[in-house]
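*Asks:* Here it is: the structure, laid out below.
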Amino acid sequence: MEEKNRISLLFSKYVANEANKAEVSELLELIKDEDSGLELNAEMEELWNRKNTVNGNEVDWDRIYKIAVASEPQIKVVKTYRRVWLSAAAMLIGLCSVAIWLNTNKKFTADTESYVRGSAGAGKTLIVYLSDGTKVTLNSGSELRYPETFNGSKREVYLNGEAYFEVAHHPEKSFLVHSGKVVTSVLGTSFNVMAYPEMSKMSVTVLTGKVAVKNTSSSKLVTLLPLQRASLSSGKEAFAVDSVKDVAEMIAWSKGELIFNNATLEEIALKVGNRYGININIINQHKKQSRITGTFNKQSFIEIMNAVTHLTETNYRQTEDNYIIY
């Protein structure tokens, strides 16, 4: 009972910013015990029910969050205004008993609490409308992770695959797309991001407005204007920037079309495979960079494969799980 009262006292002083260094250290030692971790959990619930005040003072949960992150950097928690205290508390308990907190409060974990995942199945596209009015069209096999609502000064989403963004204009809140090691930043514009993990190159193409792209391993920003494209190859630090002549080509996939303008066989295989939900492997390494130009609309998968392999002077065969170009 004495230890329980001590934890309650120390925790109340801590969240009210009245605990000294020795008392903080003592609190961290006490919550190593599993029963103490549960007691602290109850203290936090009670504190929240008291409308976030201790001794008449408003609790600074933002301070707790920052201290918790500094104390336990290996645990990744996404901060939001909504129940930020739960994230901070999870970090604090995580110093010694994070499992207790996660098991008893699963619905409040950072990933499920803050983000929604939208995924386009094989051979399909998906339209996602974000809370700020932004429209995102996901290509086949792509996933977008985004918050239910955008808080703070930035609108941030995470893309795996390809998507066409029509970003709502909010000058006070920049819109950031994280795709692998590339961050694309805009205020209000339309652009296409292609960043499939299995591809050796990712690209950002702008239709309207102005976009800034950045490799996270470099401090240099590259600014793109309408009809410009920035590409980043695997193992490279710098973007290659070129102009795009055909607007329709950039977003043809979002309308169910396939347009290739001097595209490599590797790029074509991925896009055709995504369109029809079929894996296509190229084992002829010398032919991966063969280039062709063509437009496909209502053709069947086999008709497209016949045309592509004819133009690239290759062959294909079907296996149990995929198609192989050789």
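The values are calculated or read from the model by the stated rules, or taken from the named source; none is laboratory data. Quick caveat: nothing in here was measured; it's all calculated off a predicted structure. So basically every Cβ, Gly included, is an ideal-geometry build from the backbone, and we count neighbours across all protein chains shown.
*Asks:* Which of the residues belonging to the stretch 133-155 are surrounded by fewer than 20 Cβ atoms within 10 Å (Cβ to Cβ) and either among the basic types (Lys, Arg) or under 15 Å from Thr189 (Cα atoms) (or both)?
*Replies:* Correct list: Gly133, Lys135, Arg145, Lys154.
*Asks:* Check Leu232, Leu265 and return the single one that is closer than 30 Å to Asn215 by Cβ, outside the structural domain of Val211 (by TED's automatic domain parsing), among the aliphatic types (A, V, I, L, M) and touching a residue at least 40 places away in the same chain (Cβ under 8 Å).
*Replies:* Working: Leu232 fails: outside the structural domain of Val211 (by TED's automatic domain parsing).
Going through Leu232, Leu265 in turn, just one is closer than 30 Å to Asn215 by Cβ, outside the structural domain of Val211 (by TED's automatic domain parsing), among the aliphatic types (A, V, I, L, M) and touching a residue at least 40 places away in the same chain (Cβ under 8 Å): Leu265.
*Asks:* Name every residue in the stretch 161-182 that is out of contact with any Lys or Arg (no Cβ under 8 Å at 6 or more places or on another chain) and of a type outside the set (A, V, I, L, M, F, W, C), in order of residue number.
*Replies:* Correct list: Gly161, Glu162, Tyr164, His169, Pro171, Glu172, His178, Ser179, Gly180, Lys181.
*Asks:* Taking strands (runs of 3 or more DSSP E) that fall entirely within the stretch 240-326, which contain at least 3 residues that are hydrophobic (A, V, I, L, M, F, W, C)?
*Replies:* Details: elements: 240-243, 258-264, 280-282, 291-296, 316-318, 323-325.
Where strands (runs of 3 or more DSSP E) fall fully within the stretch 240-326 and carry at least 3 residues being hydrophobic (A, V, I, L, M, F, W, C), they are 258-264.
*Asks:* Also, I was wondering about something else. Can you tell me which residue is modelled with the lowest pLDDT among those in the stretch 269-303 that are among the hydrophobic types (A, V, I, L, M, F, W, C) and more than 23 Å from Ser200 (Cα to Cα)? First the steps, then the outcome.
*Replies:* Narrowing the stretch 269-303 to residues among the hydrophobic types (A, V, I, L, M, F, W, C): 269-270, 272, 278, 280, 282-283, 292, 296, 301-302.
Now drop any that are not more than 23 Å from Ser200 (Cα to Cα), which leaves 296, 301-302.
Numbers: Phe296: 89, Phe301: 92, Ile302: 94.
So, considering only residues that are among the hydrophobic types (A, V, I, L, M, F, W, C) and more than 23 Å from Ser200 (Cα to Cα), the one modelled with the lowest pLDDT is Phe296.
*Asks:* Report yes if Thr189 is of a type in the set (Ser, Thr, Tyr) and either under 16 Å from Asn274 (Cβ atoms) or out of contact with any Ser or Thr (no Cβ under 6 Å at 6 or more places or on another chain) (or both), otherwise no.
*Replies:* Details: of a type in the set (Ser, Thr, Tyr): yes; either under 16 Å from Asn274 (Cβ atoms) or out of contact with any Ser or Thr (no Cβ under 6 Å at 6 or more places or on another chain) (or both): no.
For Thr189, the condition - of a type in the set (Ser, Thr, Tyr) and either under 16 Å from Asn274 (Cβ atoms) or out of contact with any Ser or Thr (no Cβ under 6 Å at 6 or more places or on another chain) (or both) - is not met.
*Asks:* May I pose another question? Output the residues belonging to the stretch 191-234 that are crowded, with 20+ Cβ neighbours inside 10 Å and of a type in the set (S, T, N, Q).
*Replies:* Asn192, Ser203, Thr205
*Asks:* Taking Gly133 as the residue in question, decide whether it is at pLDDT below 95 and under 16 Å from Met250 (Cβ atoms). First the steps, then the outcome.
*Replies:* Values: at pLDDT below 95: yes; under 16 Å from Met250 (Cβ atoms): no.
Judged against the criteria, Gly133 is not a match.
*Asks:* Give the stretch 289-326 a look and list any residue that's surrounded by fewer than 13 Cβ atoms within 10 Å (Cβ to Cβ), touching a residue at least 24 places away in the same chain (Cβ under 8 Å) and among the hydroxyl-bearing types (Ser, Thr, Tyr), or say none. It would help to see each step written out before you state the result.
*Replies:* Restricting attention to the stretch 289-326, the residues satisfying the condition of being surrounded by fewer than 13 Cβ atoms within 10 Å (Cβ to Cβ) are 289, 293, 297-298, 300, 302-303, 310, 313, 315, 317-322, 326.
Filter once more, keeping what is touching a residue at least 24 places away in the same chain (Cβ under 8 Å): 289, 293, 297, 313, 321-322, 326.
Thr293, Tyr326 - these are the residues of the stretch 289-326 that are surrounded by fewer than 13 Cβ atoms within 10 Å (Cβ to Cβ), touching a residue at least 24 places away in the same chain (Cβ under 8 Å) and among the hydroxyl-bearing types (Ser, Thr, Tyr).
*Asks:* Here are some conditions: (1) farther than 24 Å from Lys201 by Cα; (2) among the aromatic types (Phe, Trp, Tyr); (3) in a strand (DSSP E or B). Tyr158 meets all but one. Which one does it not meet?
*Replies:* (1)
*Asks:* Now for a different question. Answer yes if at least one residue in the stretch 208-221 is within 21 Å of Leu138 (Cβ to Cβ) and under 19 Å from the mean Cα position of the chain (by Cα), and no otherwise. Spell out the reasoning first.
*Replies:* First pass over the stretch 208-221, keeping only residues within 21 Å of Leu138 (Cβ to Cβ): 208-209, 211, 213.
Retained after the next criterion (residues that are under 19 Å from the mean Cα position of the chain (by Cα)): 211, 213.
Checked the stretch 208-221: at least one residue is within 21 Å of Leu138 (Cβ to Cβ) and under 19 Å from the mean Cα position of the chain (by Cα).
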